[in-house]
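Q: First the structure, then my questions, so here it is.
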Amino acid sequence: AQTVTQSQPEMSVQEAETVTLSCTYDTSESDYYLFWYKQPPSRQMILVIRQEAYKQQNATENRFSVNFQKAAKSFSLKISDSQLGDAAMYFCAYRRDFNTDKLIFGTGTRLQVFP
Amino acid sequence: DVKVTQSSRYLVKRTGEKVFLECVQDMDHENMFWYRQDPGLGLRLIYFSYDVKMKEKGDIPEGYSVSREKKERFSLILESASTNQTSMYLCASSLYTGGRFQPQHFGDGTRLSIL
């Protein structure tokens, strides 16, 4: 069975600094998607970034980028130039491709941003 | 923008009551999902639906049922609420297009307390 592990329950970063959130997963599939979702306090969960497993190039969205290591089954999220609005729960999620849109989520990392 | 609306942000019910959680999306998405979110456990899939009147069990369906009579509406039903069903419930929807599932969009969540 596929599993997603986020080993950091909480992280903190100073404004303008860089922080990396880790995520590892276990699967025997070769083609799949990985996602990072952000859930601000009392607000809606939104997609931050996604990575398709067959693409070797790491995905980037503005200040957010991933380090996708397929062989190591690792998918970390790097937030550069951290802002107060980045404070949230971050969830890593795995989706097997093709016939299913079922997501498997990690347990989340709470990110605090200090001024 | 996709809008996924959950009928209540907060709900308090009593043990043994039949509870309905409603979710409506306005973007003609085929796929709809119900998750529950608990601290330290992340999001876990309860039920999902790929079409009207179609439903499939997720990872933790026990004690729940669902109804999808119209494409835009997906209801989660707690047949006889119990205290261990106190949780945050999140609804999501997604589109299947171009041969691929698009990212899921989430509602604001319903924080349900069973007394």
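Q: With a 10 Å radius around each residue's Cβ, average the other Cβ atoms per peptide and rank A:7-16, A:26-35, B:39-48, highest first.
A: Working: A:7-16: 13.1, A:26-35: 15.0, B:39-48: 18.4.
Sorting A:7-16, A:26-35, B:39-48 by mean packing, highest first, produces B:39-48, A:26-35, A:7-16.
Q: Let me ask you something else. So what is the accessible area of the protein assembly as shown per residue, in Å², with the probe set to 1.4 Å?
A: Values: 11320 Å² over 230 residues.
Accessible area per residue, the protein assembly as shown: 49 Å².
Q: Expressed as cubic angstrom per residue, what is the convex hull volume of the alpha carbon set of the range A:1-113? Write down the numbers at each step before the final one.
A: Details: hull volume 11.0 nm³, N = 113.
Taking the convex hull of the Cα positions in the range A:1-113, it is 98 Å³ per residue.
Q: Now for a separate question. With a cap of 15 neighbouring Cβ atoms within 10 Å, and only residues DSSP puts in a loop, list the trypsin sites (Lys or Arg not before Pro) found in the range A:16-99. Each step should come with its number before you reach the end.
A: Numbers: sites: A:38, A:43, A:50, A:55, A:63, A:70, A:73, A:78, A:95, A:96; in loops: A:43, A:55, A:63, A:70, A:73.
Those satisfying the criteria are A:43, A:55, A:63, A:70.
Q: Restricting to Cα pairs below 8 Å that are 6+ residues apart, what does the relative contact order work out to for the range B:4-114? Please round to a whole percent. Display every interim value, and only then the final one.
A: Values: 289 pairs, mean separation 39.7, N = 111.
RCO, the range B:4-114: 36 percent.
Q: Next question. What does the charge add up to near residue A:86, with Lys and Arg as +1, Asp and Glu as -1, over the other residues with Cβ less than 12 Å from its Cβ? If you can, show how the numbers build up before the last one.
A: Numbers: positive: A:38, A:63, A:78, A:110; negative: A:15, A:17, A:81.
In short, +1.
Q: Counting only pairs 8 or more places apart or on different chains, how many lysine pairs in the range B:4-114 have C-alpha atoms closer than 25 Å?
A: Lysine pair count for the range B:4-114: 12.
Q: So what's the net charge close to residue A:9: Lys and Arg +1, Asp and Glu -1, counting the other residues with Cβ under 15 Å from its Cβ? Spell out each step's value before the answer.
A: Numbers: positive: A:110; negative: A:10, B:38.
Combined, the nearby Lys, Arg, Asp and Glu give -1.
Q: Whenever you get a sec, compute what percent of the accessible area on chain B sits on carbon and sulfur atoms (1.4 Å probe). Provide the component values of the computation, followed by the final result.
A: Working: 2740 of 5580 Å².
Roughly 49 percent, rounded to a whole number.
Q: Can you list the residues of the range A:30-54 that have at least 50 square angstrom less accessible area with all protein chains present than in their chain by itself, probe 1.4 Å?
A: Correct list: A:44, A:45.
Q: Three principal axis extents, largest first, for the C-alpha atoms of chain B, in Å?
A: Per principal axis, max minus min of the Cα coordinates gives 45, 28, 24 Å.
Q: Which one of A:75, A:91, A:64 has the biggest mean-square fluctuation once chain A is modelled by GNM with Cα springs under 10 Å?
A: A:64
The values are calculated or read from the model by the stated rules, or taken from the named source; none is laboratory data. As the structure is a computational prediction, the values presented were derived from the model and not from experiment. Every residue, glycine as well, gets a Cβ built from its backbone with ideal geometry; the counts of neighbours run over all protein chains shown. When the accessible area is computed, the model is the full protein with side chains, heavy atoms only, and any ligands, DNA or RNA have been set aside. Shrake-Rupley method; radii C 1.70, N 1.55, O 1.52, S 1.80 Å.
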